[in-house]
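Novice: One structure coming up, written as structure tokens, with questions to follow.
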């Protein structure tokens, strides 16, 4: 058998957390590694640039997290958000992931990443997540520095146009080049397809045009689509996204966590026509961001407004953008492009229904934090759905090998990060878990890819 010449042992497609963990793991296993980052050097790192923490299992306090977060608690949290993805065929993979999360912080610190101390009072108490010192950009800078020091070759502006998986070792074509880059093994860690507006429109219709993308504009899903076309078994759902409520004036890409809106449970939320459409008090904990992302995405025109008065405005963190204000509800409606009598009627009916922190005789009700909107000046924030990532991926096994529907592996092809996260999360979301999935399966994919290439 003639051995085909390869440009490197392991080729990593992607430039975020999962990709760097794969590249470092493969290089430490003795493989030559080429990493293709679609972004320029100044914008490297994918969505991980906007991250801040990762969820890890631990049976006792560590230097990075307090208390205990045992495996059963982690598993129960995954079941709560992922449902059938964890309860059925993927349960073994989920448990493998949870167990591997226990030492991932130590592995990352060994590769240059720094974490806040568990006793640091600067951040909120958390027994479940470890926080990156300096945030996601510091994380990515540390991983890139380690990778390059180890000899990983990084190619920026390296957007992949095509995968070649059927004839010989895996290969990719980058940009307009006609010559494929061939490797002994391939790790695809390029995220979802949220930056492809056309693909989003296929799933969401015209509403997709109102979405903002919280992270990188390079998550176009080209490698994901190629894997599916080459026979990878799909997992998750194309018509689901992780989304949160963001200020409608956020940039179309890369707004990150700072564009989230905090105060939606405190005032009222109206659609583009000035009418309430959901119970603002139904969810007041951390999951309120994702709950409102979905609600706004499915509201008329996928646009809404958070409305409050000057007293209520003191109860929540303001947006990074200034509130739109007016001395009257009708004046606020005009500033928002809403028919003034409609918003005036909505606010009046709501105020009349407020009783003891809830409402009575109004639909939808407000079950918590109900307070009359009466103290001028009145304020509002425009609200849109901010997409973090899509929930369609490819099925993998415990070695991060990409699987066909019959359960066989595509030879030499591995996946890590968001592109395979639905194996663990289904179409749900668990704060801090995506970063852990990226690191854990990046490490696995890198080691396995190196073993495959060097066998």
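Novice: Taking neighbour Cβ counts within 10 Å as the exposure measure, how do 140, 420 sort from fewest upward?
Specialist: So the residues, fewest neighbours to most, are 140, 420.
Novice: Hey, fewest Cβ within 10 Å first, where do 270, 12, 402, 122 land in order?
Specialist: In increasing order of surrounding Cβ atoms, one gets 122, 270, 402, 12.
Novice: Mind pulling the angle between the C-alpha long axis of helix 433-454 and the longest principal axis of the chain? Nearest 10 degrees, somewhere in 0 to 90.
Specialist: Here the helix axis deviates by roughly 10 degrees.
Novice: Okay, moving on. Taking every DSSP beta bridge with both residues inside the chain, roughly what % is antiparallel (nearest 5)? Don't skip to the answer; put the middle values down first.
Specialist: Details: 41 of 59 bridges.
Around 70 percent of the beta bridges assigned by DSSP in the chain are antiparallel ones.
Novice: Across the chain, what fraction of all alpha-carbon pairs, as a whole percent, falls in each successive 20 Å bin from zero upward?
Specialist: 25, 51, 21, 2, 0
Novice: Would you please state which residues of region 408-445 a label at residue 451 would reach in this model, taking the label point 7 Å out along Cα→Cβ and a backbone N cut-off of under 17 Å?
Specialist: 409-416, 440-445
Novice: Going by average Cβ density within 10 Å per residue, which order do the peptides 180-190, 310-320 take, highest to lowest?
Specialist: In decreasing order of mean packing, 180-190, 310-320 become 180-190, 310-320.
Novice: Continuing with the same structure: Given an 8 Å cut-off on Cα distances and at least 6 residues of separation, report the relative contact order of the chain as a percent.
Specialist: Once divided by the residue count of the chain, the mean separation gives 25 percent.
Novice: Hey, what angle do you get for helix 135-150 against the long axis of the chain, alpha-carbon based, 0 to 90 degrees rounded to 10?
Specialist: Roughly 10 degrees, rounded to the nearest 10.
Novice: What distance in nm separates the simple spin-label points at residue 275 and residue 311, each placed 7 Å from Cα in the Cβ direction?
Specialist: Simple spin-label model gives 2.8 nm for this pair.
Novice: Spin-label point model (7 Å from Cα, Cβ direction): what's the residue 258 to residue 202 distance in nm?
Specialist: It works out to 3.5 nm between the two label points.
Novice: If I model a spin label as a point 7 Å beyond the Cα along the Cα-Cβ vector, how far apart are those points for residue 138 and residue 106 in nm?
Specialist: 2.2
Novice: Any chance you could run the full-extension gain for residue 125 through residue 7? It's 0.36 nm times the residue separation minus the Cα-Cα distance, nm to one decimal.
Specialist: Using 0.36 nm per residue and subtracting the Cα-Cα distance, I get 37.7 nm.
Novice: Still on this structure, please answer the following. Using the count of nearby Cβ atoms within 10 Å as a rough guide to exposure, how do 374, 146 rank from fewest to most? Before the final figure, lay out the partial values.
Specialist: On the way: 374 14, 146 20.
Fewest-to-most Cβ neighbours within 10 Å comes out as 374, 146.
Novice: Which of the three applies to region 85-159, rounded, prolate or oblate, going by the alpha-carbon gyration tensor with a ≥ b ≥ c and a/c under 1.5 meaning rounded?
Specialist: oblate
Novice: Mind ranking 439-451, 22-34 by how tightly packed they are, going by the mean number of other C-beta atoms within 10 angstrom, highest first? Can you show the working numbers first?
Specialist: Numbers: 439-451: 27.9, 22-34: 25.1.
In decreasing order of mean packing, 439-451, 22-34 become 439-451, 22-34.
Novice: How much length is gained if the chain between residue 150 and residue 60 is pulled fully straight, taking 0.36 nm per residue apart and subtracting their Cα-Cα distance, in nm to one decimal?
Specialist: Values: separation 90, 0.36 × 90 = 32.40 nm, distance 3.28 nm.
Length gained, residue 150 through residue 60: 29.1 nm.
Rule-based calculations on the coordinates, nothing more; no lab input. From a predicted model like this one, the values you see are computed outputs, not experimental measurements. We place every Cβ from the backbone using ideal geometry, glycine too, and count neighbours over all the protein chains shown.
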